[in-house]
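This report refers to the structure that appears directly beneath it.
The values are calculated or read from the model by the stated rules, or taken from the named source; none is laboratory data. Nothing here was measured: the structure is a model prediction, and the numbers come from that model. Note that each Cβ is placed from the backbone with ideal geometry, even for glycine, and that neighbours are counted across all protein chains shown.
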Amino acid sequence: MTVVEERAMVADANVEAARRAMVDSQLRVSGINDPAILAAFLAVPREDFVPAARRPVAYADRAVTLEDGAVLAPALTYGQMLTAAEPTADDSVLVIGAPGGYLAALAEKLAAKVTLVPVSADWAATGAHSLVLIDGAIEDVPQALAGVVAAEGRLVTGVVERGVTRLALGRKVGETLALTVLAEADFAPLAAFAARPKWSF
């Protein structure tokens with residue numbers, strides 16, 4: 001074995017240890033205990049979804065800013081999302097978020113079909129999905145969003161309330177989405193879903 005190969009093996013072992021530590025010390029202790037969700041976090045290399053310069057902090061218990069200005073949320077935030085979403089093998093999942101795709105990669109371990117579209121894309125043209133995950137926090141729920149959630153489908157997102165971001169679960173009721181706020185969570189607000197200005201005279 002060459003020195004380069006030996007160093008690569010040590011690096012791989014260190015990354016795997018960091019990934020397991022993330023699961024044990026960030027997720028399990030916070031009530032994220034679904035075996036399939038934990039297995040997804042162990043299987044998906046978070047370090048592959050951050051810039052090379054930020055790989056040393058990929059498994060830290062905090063958000064990571066990406067090169068395009070997008071934000072990779074803490075692992076706990078994604079664990080909370082997936083726990084609330086309860087994805088199944090029968091789900092068609094739409095992930096609206098950063099093109100990096102970490103949340104989509106996790107969802108692919110849990111659901112039959114996953115489609116990832118950036119916030120700026122025409123995500124309303126993707127059809128209806130039984131589960132929609134928004135990788136960030138929204139202030140306003142556009143009517144078009146209800147159109148991509150299938151009948152009796154779910155939406156999991158962050159919401160911004162008085163400057164605080166929280167996890168929310170939405171259910172399709174008729175043609176509208178009814179959101180229930182669940183708990184505080186560390187989401188980055190998405191400018192594309194900012195509240196519309198209110199005019200006063």
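Table: residues versus (1) crowded, with 18+ Cβ neighbours inside 10 Å; (2) of a type outside the set (A, V, I, L, M); (3) assigned to a helix (DSSP H, G or I); (4) under 15 Å from the mean Cα position of the chain (by Cα).
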| position | (1), (2), (3), (4) |
| --- | --- |
| Pro56 | no, yes, yes, no |
| Ala60 | no, no, no, no |
| Glu67 | no, yes, no, no |
| Gln80 | yes, yes, yes, yes |
| Ala84 | yes, no, yes, yes |
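Tell me yes or no: at least one residue of segment 22-29 is over 26 Å from Arg171 (Cβ atoms), of a type in the set (A, V, I, L, M, F, W, C) and assigned to a loop (DSSP other than H, G, I, E, B). No, there is no match, as no residue in segment 22-29 is over 26 Å from Arg171 (Cβ atoms), of a type in the set (A, V, I, L, M, F, W, C) and assigned to a loop (DSSP other than H, G, I, E, B).
Of the residues making up segment 86-97, just one is hydroxyl-bearing (Ser, Thr, Tyr) and either assigned to a strand (DSSP E or B) or farther than 15 Å from Ala150 by Cβ (or both), namely Ser92.
Please go through segment 98-110 and pick out each residue that is assigned to a loop (DSSP other than H, G, I, E, B), of a type in the set (A, V, I, L, M) and surrounded by 22 or more Cβ atoms within 10 Å (Cβ to Cβ). Scanning segment 98-110 gives a single hit, Ala98.
Restricting Arg171, Arg154 to residues that are touching a residue at least 12 places away in the same chain (Cβ under 8 Å), more than 18 Å from Gly100 (Cα to Cα) and either aromatic (Phe, Trp, Tyr) or surrounded by fewer than 21 Cβ atoms within 10 Å (Cβ to Cβ) (or both) narrows the list to Arg171. With respect to Ala183, determine if the residue is buried (at least 16 other Cβ atoms within 10 Å of the Cβ) and either of a type in the set (S, T, N, Q) or in contact (Cβ under 8 Å) with a residue 40 or more places away in the chain (or both). So Ala183 fails the test. A count restricted to segment 30-53 and to residues that are assigned to a helix (DSSP H, G or I) and within 18 Å of Ala188 (Cα to Cα) stands at 2.
With respect to Phe49, is the statement that it is on the phi < 0 side of the Ramachandran plot, at pLDDT 95 or above and among the aromatic types (Phe, Trp, Tyr) true? No, not satisfied.
Quick one: would you say Thr126 is crowded, with 22+ Cβ neighbours inside 10 Å and touching a residue at least 24 places away in the same chain (Cβ under 8 Å)? Criteria not met by Thr126. Whenever a residue of segment 87-106 is touching a residue at least 60 places away in the same chain (Cβ under 8 Å) and over 14 Å from Val117 (Cα atoms), its partners that are part of a loop (DSSP other than H, G, I, E, B) and aliphatic (A, V, I, L, M), lying with C-beta atoms within less than 6 angstrom and at least six residues away or across chains, give the pairs Leu106/Val44. Any chance you could count how many residues in segment 162-180 are closer than 17 Å to Met81 by Cβ and at pLDDT below 85? The number of residues fulfilling the criteria is 1.
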